[in-house]
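Engineer: Sharing a structure with you now.
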Amino acid sequence: MSSDKPDIYPSQEQALTGKLRNNIERVIRSNNQSIKWLLTSFFAGGHVLLEDVPGTGKTTLAKALAGSIDATFKRIQFTPDLLPSDILGVSIYDQQTQDFRFRAGPIFTQILLADEINRASPRTQSALLEAMAEQQVSIEGDRYAMDELFFVIATQNPVEFHGTYPLPEAQMDRFALSFKLGYVSAEDEVKILDSQRHDHPIDHLKSCISTEDIRQIREAVSNVRISDELKRYIVELVIATRGAQGVAMGASPRAGITLMKASQALSLIEGSDFVTPDVIQELAVPAIAHRLVLDTSSQYAGSQAAQIVLEIVQNTPVPA
């Protein structure tokens, strides 16, 4: 395999990812894939969207990640009356200095939980767009940079639920991965009941790695090798969505970049110093499906973007 990155085996960073993963699993004991994908997005420098019915553990998963890292964490509960200034901040007149002083909003943090993001109006949802895309926000003509570790974990209920607003396509494209947690097995649900008889496991969770560790892991992710053949494979998967039947708008080049970086991150998490086709195939749906816009006839027919991406993966030749 050819590569334009040095041959580095990041064993120390892999140990750190395992330490973080084990810490989160003390709270989320029955959804290992969701933990793995959440960390994949985090280490790849992207943002994540968790979509599922209420009560499946979306908020708990986000809080477990935040509690496991020595980083600043803030939560915004999105509601229909939430305003952009409630997220970004506002300028307040200081009578002593006779000048306006900017009071930063909760968006200025390292890990941000945007809870039930689709319950707010599209105008308020878009307040996150610039921060997620450009690592900065523009407020009253001034630009404010976000922390380099800025990471958004957004949760949303299915759009069929009462009082929800669909996220705009431009914002959906800013999420690196989007996936559902799903229900746990009956056996695991009994364990959840048992673990919360007296209190919640998250109340006893302590940070196990530092922000400097995260920077180290992200640097190691960028050095995980990926061959030119696999880069071409990723591009072919993305291009195939643009001509797929029932798709009105396919995935953008950003989807390919995200899939590449996420594949590098997942490879590191799983103990490999190079990307394989299996990793790309595993991440294709959570990295691409949420970016597709289906045409009207496909929506009425009940077609699913995830199924379209799966068919593309099955029909696209894998590099030898």
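The values are calculated or read from the model by the stated rules, or taken from the named source; none is laboratory data. Predicted model only: the values in this text are computed from it and were never measured. Here the Cβ positions follow ideal geometry from the backbone for every residue, glycine too, while neighbour counts run over all protein chains shown.
Engineer: Within region 249-263, which residues are polar (S, T, N, Q) and closer than 13 Å to GLY45 by Cβ? Write out each step before concluding.
Structural biologist: Restricting attention to region 249-263, the residues satisfying the condition of being polar (S, T, N, Q) are 252, 258, 263.
Within region 249-263, THR258 is the sole residue that qualifies.
Engineer: Look through region 8-43, keep the residues that are over 14 Å from ILE214 (Cβ atoms), assigned to a loop (DSSP other than H, G, I, E, B) and in contact with an Asp or Glu (Cβ under 8 Å, 6 or more places away or on another chain), and return whichever of them is modelled with the highest pLDDT.
Structural biologist: Out of the qualifying residues, it is ARG29.
Engineer: When you look at LEU167, is it farther than 21 Å from LEU83 by Cα, part of a loop (DSSP other than H, G, I, E, B) and assigned by TED's automatic domain parsing to the domain that holds THR211, yes or no?
Structural biologist: Against the criterion (farther than 21 Å from LEU83 by Cα, part of a loop (DSSP other than H, G, I, E, B) and assigned by TED's automatic domain parsing to the domain that holds THR211), LEU167 does not qualify.
Yes/no matrix, rows are residues, columns are (1) assigned to a loop (DSSP other than H, G, I, E, B); (2) crowded, with 19+ Cβ neighbours inside 10 Å; (3) polar (S, T, N, Q); (4) assigned by TED's automatic domain parsing to the domain that holds GLN304:
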| position | (1), (2), (3), (4) |
| --- | --- |
| THR79 | yes, no, yes, no |
| ILE87 | no, yes, no, no |
| PHE100 | no, no, no, no |
| ARG103 | no, no, no, no |
| ARG143 | no, no, no, no |
| THR155 | no, yes, yes, no |
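Engineer: Follow-up. Only one of PHE108, PHE175 is closer than 19 Å to LYS74 by Cα, part of a loop (DSSP other than H, G, I, E, B), within 17 Å of the chain's Cα centre (by Cα) and aromatic (Phe, Trp, Tyr). Can you tell me which?
Structural biologist: Checking each option against the conditions leaves just PHE175.
Engineer: Looking at region 13-29 only, could you name the residues that are surrounded by 17 or more Cβ atoms within 10 Å (Cβ to Cβ), of a type outside the set (Asp, Glu) and more than 13 Å from GLY67 (Cα to Cα)?
Structural biologist: Correct list: GLN14, LEU16, THR17.
Engineer: Can you find a residue in region 178-201 that is at pLDDT 90 or above and under 29 Å from ARG123 (Cα atoms)?
Structural biologist: yes
Residues are listed down the side, and each one gets a yes or a no for (1) of a type in the set (Val, Ile, Thr); (2) in contact (Cβ under 8 Å) with a residue 60 or more places away in the chain; (3) touching a Lys or Arg at 6+ places or on another chain (Cβ under 6 Å); (4) not assigned by TED's automatic domain parsing to the domain that holds MET172:
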| position | (1), (2), (3), (4) |
| --- | --- |
| LEU38 | no, yes, no, no |
| SER41 | no, yes, no, no |
| GLY46 | no, yes, no, no |
| PRO54 | no, yes, no, no |
| THR72 | yes, yes, no, no |
| PRO84 | no, no, no, no |
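Engineer: Let me ask you something else. Consider region 270-286. How many of its residues are modelled with pLDDT of 95 or more and either among the charged types (D, E, K, R) or farther than 19 Å from GLU229 by Cβ (or both)?
Structural biologist: The qualifying residues number 4.
Engineer: Okay, moving on. Exactly one of these conditions fails for THR72: (1) surrounded by 12 or more Cβ atoms within 10 Å (Cβ to Cβ); (2) modelled with pLDDT under 90; (3) within 30 Å of LYS191 (Cα to Cα). Give me its number.
Structural biologist: Of the numbered conditions (1) surrounded by 12 or more Cβ atoms within 10 Å (Cβ to Cβ); (2) modelled with pLDDT under 90; (3) within 30 Å of LYS191 (Cα to Cα), the odd one out for THR72 is (3).
Engineer: Yes or no: GLY46 under 19 Å from LEU283 (Cβ atoms) and either at pLDDT below 85 or assigned to a loop (DSSP other than H, G, I, E, B) (or both)?
Structural biologist: yes
Engineer: Given the conditions (1) assigned to a strand (DSSP E or B); (2) within 30 Å of PRO317 (Cα to Cα), report the number of the one that SER138 does not fulfil.
Structural biologist: (2) is the only condition that SER138 fails.
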